[in-house]
Every structure is written in structure tokens, then in C-alpha cells.
1. If you take the residues of segment 132-170 that are in contact with a helix residue (DSSP H, G or I) (Cβ under 7 Å, 6 or more places away or on another chain) and surrounded by fewer than 18 Cβ atoms within 10 Å (Cβ to Cβ), which of them is nearest to residue 104 (Cα to Cα)?
2. Please pick out the residue among 223, 176 that is in contact (Cβ under 8 Å) with a residue 40 or more places away in the chain and in contact with a helix residue (DSSP H, G or I) (Cβ under 9 Å, 6 or more places away or on another chain).
3. Can residue 93 be described as at pLDDT 95 or above and in the same structural domain as residue 152 (by TED's automatic domain parsing)?
4. Within segment 90-111, can one find any residue that is in a loop (DSSP other than H, G, I, E, B), loosely packed, with under 15 Cβ neighbours inside 10 Å and in contact (Cβ under 8 Å) with a residue 40 or more places away in the chain?
5. Test residue 76 against the stated conditions and say whether it is outside any loop (DSSP other than H, G, I, E, B) and touching a helix residue (DSSP H, G or I) at 6+ places or on another chain (Cβ under 7 Å).
6. Suppose the filter is more than 13 Å from the chain's Cα centre (by Cα), surrounded by fewer than 21 Cβ atoms within 10 Å (Cβ to Cβ) and more than 21 Å from residue 8 (Cβ to Cβ); does residue 123 pass it?
7. Just for segment 226-245: of the residues that are under 15 Å from residue 197 (Cβ atoms) and at pLDDT 95 or above, which one is surrounded by the most Cβ atoms within 10 Å (Cβ to Cβ)?
């Protein structure tokens, strides 16, 4: 495992997607060093989960992607990487800005009922081993307004009433990601990461509204399983585990 350093972080003036460009770099350099990262404040075609689009105003927000080689994790326990990145992002927002955010399963970052940041992890598998991963993060920082057709975005500026230095915030994020990633190499560290993830889970208390397909229901979160599935108990008494996109939060 390589220690994350500022020398691994490369800023790009403008690009379509940090994840896409980092993948191109990896394809050209198969021995690309772990912790190699790209960041831009002008991402023109950002991507979210399952072909969703991450909309960002130029010069206002952070788009960041880092290359990892998490071969020490089995596919069955791989969700801990998503947990580690989520916790690191939460810690960055808390310590650098003072925001009390939560993790909306599986890895969106929310303040109250609004999304301030998102994570997209793309993996390359070889058999049962993970050859490499690209973890992309988008953070709404200094944007003052969003398109009215977007579901529920919010920015740091809207919450705090002032702007923040994007370079300093990106460097802090890169550092904390390295610290969190290092913990995935030990059982003690993985337990610590999972505990922090569950402690800051959005809607972890009480019954809330969800939807499976066209069927709405009320349920409470029991746990997030090591595989990444969300286990809930409905107010009718049934218990079920859902994979990503099998259940939808109603906000």
C-alpha cells in the first residue's frame, strides 16, 4: 500500500470526467502507481451511479478521482472500500468546514435531506481478484444555485454562507482518503471503518418511507451487511435485505 501524498494529486483545468480520464491514463500505463489522483473544478460531463449525470457549475465545485489497487479485499468484503471513502469524505466536511453530514446508503453524502456529495467507484476484476479501482467523488462547494429540475442538491456555500478554497479542500480530502484506505488493510481497521459508517448512517433511527418498484412502504434500517446490502424491517413486520437500486428512499 502506498501512502497518499500531495505529489500524487494532479489538477486539471477542464475535463469531461475525472473517472474517465483516470481510466484512460491507467489503460496507457498499466503499472500506474496506487494513489494517483486527478482533480478538476471544471468537469463538463461528470457521471454518477448507473449512468446518472453529476451536474456542476464551472469553477465552483470539486471533482476528484483516485486510483487504487485493493487486491487485499475479497469481492465479498469489498463494500468496506465504499465505507472507507464515505467516512473519509464525511470527516473532511466535518473537520475542514464544520458540517455535520450523514451517509445515505450506499455512499451519498447528505445534510438533512439534501445531497452535498456523491461517490462513484468503478472496479476492474480479474477472476475473483480486484485488479484496480477508480473512486470518484463530487462535492458541491461554492455553487450558489442549482437547476430547478435537480432532485435535492445543496452546496457548502448554501449551508455556510461563504466560499471555501477548492485546492485546500481537495488536498485535505486526498489526505483523509489515504488515512481511511490504510485502515482497510487490517481487521481492526475495517471494523473501525464499518462502525463509523453505521454511526453516521442517514435515517438510521425510526421508520421512514421507501419504495420497491411501484410499491411504497415504511421501514426502519436494521443494518448494512458486509456485502453492502441494506437490511430493513417494515412496519408490517417483515425483514428483507436489498441490493443497490432495489430500494428507493422517498424524500
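The values are calculated or read from the model by the stated rules, or taken from the named source; none is laboratory data. In this text, all values refer to a predicted model and were calculated from it rather than measured experimentally. In this analysis, Cβ positions are derived from the backbone assuming ideal geometry, glycine residues included, and neighbour counts consider all displayed protein chains.
1. Out of the qualifying residues, it is 160.
2. That would be 176, the only listed residue that is in contact (Cβ under 8 Å) with a residue 40 or more places away in the chain and in contact with a helix residue (DSSP H, G or I) (Cβ under 9 Å, 6 or more places away or on another chain).
3. Working: at pLDDT 95 or above: yes; in the same structural domain as residue 152 (by TED's automatic domain parsing): yes.
Spelling it out, residue 93 is indeed at pLDDT 95 or above and in the same structural domain as residue 152 (by TED's automatic domain parsing).
4. Within segment 90-111, the first condition is being in a loop (DSSP other than H, G, I, E, B), and the residues that meet it are 98-101, 105-107.
Filter again for loosely packed, with under 15 Cβ neighbours inside 10 Å, leaving 98, 100.
Pick out the ones that are also in contact (Cβ under 8 Å) with a residue 40 or more places away in the chain and you get 98.
Yes, the conditions are met somewhere in segment 90-111.
5. Details: outside any loop (DSSP other than H, G, I, E, B): yes; touching a helix residue (DSSP H, G or I) at 6+ places or on another chain (Cβ under 7 Å): no.
Answer is no for this residue.
6. Values: more than 13 Å from the chain's Cα centre (by Cα): yes; surrounded by fewer than 21 Cβ atoms within 10 Å (Cβ to Cβ): yes; more than 21 Å from residue 8 (Cβ to Cβ): no.
It is false that residue 123 is more than 13 Å from the chain's Cα centre (by Cα), surrounded by fewer than 21 Cβ atoms within 10 Å (Cβ to Cβ) and more than 21 Å from residue 8 (Cβ to Cβ).
7. For segment 226-245, the residue satisfying everything is 230.
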